[in-house]
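What follows is calculated from the coordinates using simple rules that are stated; it is not laboratory data. Bear in mind the structure is a predicted one, so any value in this text is a computation, not a measurement. Cβ placement follows ideal geometry from the backbone for every residue including glycine, while neighbour counts extend to all protein chains displayed.
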Amino acid sequence: MKKILLGFLLFTISLTESQAQNNLPHRMTADEQQLMPAYLQSRVNALAVNPPASPVRTMAEWEELQGVLIGWKQFSSMLTEIVREAKKECMVYILTNNRISVYNTLNNAGIDTLTNITFVDIPFNSVWSRDYGPWSAYTNDVDSLLTIDWIYNRPRPDDDNVPVTIASLINTPLYQTTSAPYDLIHTGGNFMCDGFGTGFSSNLIVNENPNHTIAEIDTIMKKYMGISRYIKMPVLPYDAIHHIDMHMKLLNEETLLMGQYPQGIADGPQIEANLLYVTSNFNSVFGTPYKIIRIPMPADNGAYPNTTGDYLTYTNSSFINNTVIVPTYNIPDDTTALRIYRDALPGYHIVGINSNASIGSLGALHCITKDIGTDDPLLISHQQLNDTYDSVNPYTVTAYIKHRSGIQNATLFYRTDTLMPYSSTTLVPVSGQNDYFSGLIPAYPAGTRVYYYIHAESVSGKQQSRPMPAPVAYFTFKVLGTTGINELNSPSLSAEPVFPNPANAITCIPLNVAQLQNVNITLHDITGKLVKTIFEGTLNEGHQFKFFDASQFAKGAYMLMIQSDSGVISQKIMVR
């Protein structure tokens, strides 16, 4: 054992010296692969580290942040733009080995370095703060903020020590999974959760913990992070790091944003199989099917990861309070991706940041940012109302609202015109259900679209809204019914206008599905001849997108046909 540790120590010294000139990639280097077994033995703590005594809840990414952590090691142009946007929302903690250089870079970019920036001058190995950074969790849902730290799945000791520094800096208790039987190797890019005990990962978590059974892994995640339902999916063949943030993202408690390749391309078949596994076996925390939104996995100059292309992704985005930063690549698909985010998260500040610098190293924005939760959370959870045919009865809005000091008041705001002011009504406690509140939106006639949000104030004076950027952000639903001839609408499925139109690249078909049904989407030329079947199968309830590549077709007019159990919708599309 002493020889192993001595060898590890000598290699670490060599590694540290080489890092002065070289930036470490997202994947392990060949030298690191040889080092990893000895590193893991050195990382495991001989002293028992007990899990938190109280039940814990790991926060979701869309919850309130006190800060964002980045490691200033490479990709300075990207990090500069992250800082520009993030400091408007919260504190930015910058790990740096050269504060003056970072300070000058930010100042030269016109960024005020005196506000909402904290420089953390410590040794660290790499830029990939998502993977080695701290995790924020709360006792009893909203009480004390805790910092959770896993064994990093890279032999990078300085990176692995960052959560210890951050926990001390923000003054939180630190719980580490570094001693048997709770030793756990994990990485942040391969984990996301809904804030209520459901976690997602690829089977990388299983493959990298051969000394633990799946049940033991689940127990560790339950004790340290409150994950009571841990959904694991097969790894993707062409994603070399096997991190789920490269192809999926939770947008809220019931909505999954899933990357989509053209049929049969690259990791497309495995993504579709994984998605079917999730939707067939698991419901959201609300007990209802997950809503699925699709977003393109774009080509890299015409090539995909199964050939010579980089792993371009739009799901590798980050929530930073009222802002969502989204990777872009200076390609036409960027416009489609940003619009999908804006449609899915109305009112959020959606910002594209060019990520061409990092994507060749197998990561984008989510990979180089790490969220740090507020130390005073006011938690609001609500299942958005679905479209309804009911134009007679009021619409009940129920929310889970909790703060450690108690809730002073909760208010429901609603309107039917975004140019008009909101009306409001009080949300009252639900009898027999602790921390649940409900209120009513009055009934509206068919054809009305309703916009609403929830606001709460704690006994201590803390205030919060859901969605967080409200009133510019909102939940919405439509009162359905026959209001006249409208070629874009049918009783239980509606299709918003295709975009972009005219089209010459990846083209998006936005769909609103009111109930589970069979759908067939086809493209026809002006003679009626079928030129492409875009989708054929079953669609679950929810807002989602389908895609086709218009560059495959000759210029001219085409007809898009959407056949479903409830009728036929047609749209004219121009290819140029």
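What share of all Cα pairs of segment 50-133, in percent, falls into each consecutive 5 Å distance bin?
3, 13, 24, 23, 15, 10, 6, 4, 2, 0
What whole number of Å gives the distance from the Cα centroid of segment 302-369 to the Cα centroid of segment 249-273?
Spelled out, the Cα-based centre of one part sits 14 Å from the other.
Under a Cβ-Cβ cut-off of 12 Å, what is the net charge of the residues other than Lys462 that fall near it, where Lys and Arg count +1 and Asp and Glu count -1?
Working: positive: Lys402, Arg404; negative: Glu64, Asp375, Asp376, Glu457.
Residues near Lys462 contribute -2 overall.
Equivalent-ellipsoid semi-axes (√(5λ), Cα gyration tensor) for segment 379-478, whole Å, largest first?
In descending order the semi-axes read 24, 15, 10 Å.
Hey, what's the Cα Rg ratio for segment 489-575 versus the globular rule of thumb, 2.2 N^0.38 Å?
Ratio of Rg to 2.2 N^0.38 Å for segment 489-575: 1.02.
By counting other Cβ atoms within 10 Å of each Cβ, how are Tyr314, Tyr261, Tyr436, Tyr400 ranked from fewest to most? All intermediate terms of the calculation are to be shown ahead of the outcome.
Details: Tyr314 27, Tyr261 23, Tyr436 16, Tyr400 20.
Result, fewest neighbours first: Tyr436, Tyr400, Tyr261, Tyr314.
List the relative contact order of segment 379-478 as a percent without decimals, with contacts defined as Cα pairs under 8 Å and 6+ residues apart.
34
Which values, in whole Å and largest first, are the semi-axes of the equivalent ellipsoid of segment 195-288 obtained as the square root of 5 times each eigenvalue of the Cα gyration tensor?
23, 18, 10
Sum up the charges of everything whose Cβ sits under 11 Å from the Cβ of Met221, counting Lys and Arg as +1 and Asp and Glu as -1, but leave Met221 out.
For residues surrounding Met221, the net value is +2.
Using the Kirkwood radius over Cα pairs, work out the Stokes-Einstein diffusion coefficient for segment 216-270 at 4 °C and 1.567 mPa s, in µm²/s as a whole number.
D = 98 µm²/s.
Considering the dipole of segment 338-407 built from charges on the beta carbon (Lys and Arg +1, Asp and Glu -1) around the Cα centre, which of Ile401, Gly373, Asn356 is farthest to its positive end?
Asn356
Using the charge dipole of segment 489-575 (Lys, Arg: +1 at Cβ; Asp, Glu: -1 at Cβ; taken about the Cα centre), state which of Met559, Asn512, Phe535 has its Cα farthest towards the positive end.
Positive-most Cα among the choices belongs to Met559.
Out of these labelled values of P(r) over Cα pairs in 20 Å bins from 0, in percent, [x] 20, 53, 25, 2, 0; [y] 17, 40, 31, 11, 1; [z] 18, 49, 28, 5, 0, which was calculated from the coordinates shown here?
[x]
So for the chain, averaging the separation of alpha carbon pairs under 8 Å that are six or more residues apart and normalising by length, what relative contact order in percent results?
After rounding, I find 11 percent.
Tell me, what is the percent relative contact order of segment 30-373, built from C-alpha pairs under 8 Å that lie six or more residues apart?
On the way: 681 pairs, mean separation 68.5, N = 344.
After rounding, I find 20 percent.
Nothing charged except the Cβ atoms of Lys and Arg (+1) and of Asp and Glu (-1): what's the magnitude of the dipole of the chain about its Cα centre? Round to the nearest 20 debye.
Using Cβ point charges on Lys, Arg, Asp and Glu, the chain gives about 280 debye.
Given 25 °C and 0.890 mPa s, how large is the Stokes-Einstein diffusion coefficient of segment 414-528 in µm²/s, with Rh as the Kirkwood radius over Cα pairs?
It diffuses with D of about 136 µm²/s by this estimate.
Across the Cα atoms of segment 133-239, what radius of gyration and what greatest pairwise Cα-Cα distance (Dmax) are found, in Å?
Cα only, segment 133-239: 13.6, 41 Å (Rg, Dmax).
Tally Lys and Arg at +1 and Asp and Glu at -1 over the other residues with C-beta under 14 Å from the C-beta of Tyr152: what net charge comes out?
-2
Along each of its three principal axes, how wide is the spread of alpha-carbon positions in segment 30-373, in whole angstrom units, largest first?
54, 51, 43
Among all helices in the chain defined by DSSP H, which have a length of 24 Å or more along the axis from Cα atoms plus a Kyte-Doolittle mean of at least 0.5? Please report the intermediate quantities before stating the final value.
Numbers: long enough: 2-19 (25 Å, 0.86).
Membrane-span-like by this criterion, though nothing is claimed about a membrane: 2-19.
Rounded to the nearest 5, what % of the DSSP beta bridges within segment 168-301 are antiparallel ones?
Restricted to segment 168-301, the bridges split so that about 35 percent are antiparallel.
Return the percentage of antiparallel bridges among DSSP beta bridges fully within the chain, rounded to the nearest 5 %.
75
What order do you get for Tyr224, Tyr444, Tyr230 when you list them from fewest to most C-beta neighbours inside 10 Å?
Ascending number of Cβ neighbours within 10 Å: Tyr444, Tyr230, Tyr224.
Could you please rank Met59, Met225, placing first whichever residue has the fewest other Cβ atoms within 10 Å of its Cβ? Kindly include the intermediate steps, with their values, before the conclusion.
On the way: Met59 24, Met225 27.
Lowest count first: Met59, Met225.
In debye, nearest 20: dipole of segment 30-373 around its Cα centre with unit charges on the Cβ of K, R (+) and D, E (-)?
For segment 30-373, the charge dipole is close to 180 debye.
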